[in-house]
Amino acid sequence: MNSIEMNELNEMREQLATLKKQLNTQEIINDRLIKEAMSRKLSALNNSAIWISVVCLVMIPLGYFNFQRMGHSTAFCIATSALFLICLIAIVVSHYRIHKRDIYSGNLVTVYKEVARMKKIYKSWHYWSIPMLIVWFGWLEYEIYLNQANEDITALLMISASGIFGGIIGGIVGLRIHKRTLRTADDLLRQIEELQRQE
């Protein structure tokens, strides 16, 4: 092999080494960007859970004392607080094992399992929350009827209409949060699957 061919071969090796280095750098940057995007989604899930938990914590005593002040039975007030406590427990149980540090440590299998578990809990939420809310709302209407029995029927209808309107607004807001949480979980699971396929 002459010196020209040798120089060309060395030059090609240097170019190949430079190309490999660039590819490795690009791969590291892509991996970091993907992990940051996944981390943001995980933060969004956990932040939503924190806010819902705060609302539940505030509503446990507030619901009790407000309904007590309005003249509702003690049993109804306790049941209202118990509903918020059940919601709080469900949120904590579904989110407590989901951590951002698992993404950065490369523990994607754990993140995948925990997000899938959370999604399963969220999907089954309607099977017991809707019947509970229907029973609670029926009980509320009965309590309102008992408290307003001696009043004008118009007042009873106004209070009932307000309760129905509030229930509809609350249901819409809750459903939007629920769907956003499931959509974010699906995106996160899809990203983890893609990352695992690449490895």
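The values are calculated or read from the model by the stated rules, or taken from the named source; none is laboratory data. Quick caveat: nothing in here was measured; it's all calculated off a predicted structure. Positions of Cβ are backbone-derived with ideal geometry, glycine not excepted, and every protein chain shown enters the neighbour counts. Heads up: the accessible areas ignore ligands, DNA and RNA and are worked out on the full protein's heavy atoms, side chains in. Shrake-Rupley method; radii C 1.70, N 1.55, O 1.52, S 1.80 Å.
Apply the Karplus parameterisation 6.51 cos²θ - 1.76 cosθ + 1.60, with θ equal to phi minus 60°, to every residue of segment 167-184 and state each ³J(HN,Hα) to the nearest whole Hz, in sequence, with x for glycine and proline.
Result, rounded to whole Hz: x, 5, 4, x, x, 5, 4, x, 5, 5, 4, 4, 5, 5, 5, 5, 5, 5.
Give me the percent of accessible area attributable to carbon and sulfur for segment 89-199, probe 1.4 angstrom.
63 percent
What do you reckon, how do Tyr145, Tyr122, Tyr112 stack up by accessible area (1.4 Å probe), largest on top?
Tyr145, Tyr112, Tyr122
Just how much of Leu140 is accessible, in Å², when a 1.4 Å probe is used and the result is rounded to the nearest 10?
Its heavy atoms expose roughly 20 Å² to the probe.
Can you compute the modelled spin-label distance between Thr110 and Ile177, with each label point 7 Å from Cα toward Cβ, in nm?
Placing both labels 7 Å along Cα→Cβ, they lie 2.8 nm apart.
Determine the per residue accessible area of segment 86-199 with all protein chains present and a 1.4 angstrom probe, expressed in square angstrom.
For segment 86-199, the per-residue accessible area is 65 Å².
What list of ³J(HN,Hα) values in whole Hz, one per residue of segment 153-159 in order, does the Karplus curve 6.51 cos²θ - 1.76 cosθ + 1.60 (θ = phi - 60°) give from phi, with Gly and Pro shown as x?
Listing the rounded values in order: 4, 4, 4, 4, 5, 5, 5 Hz.
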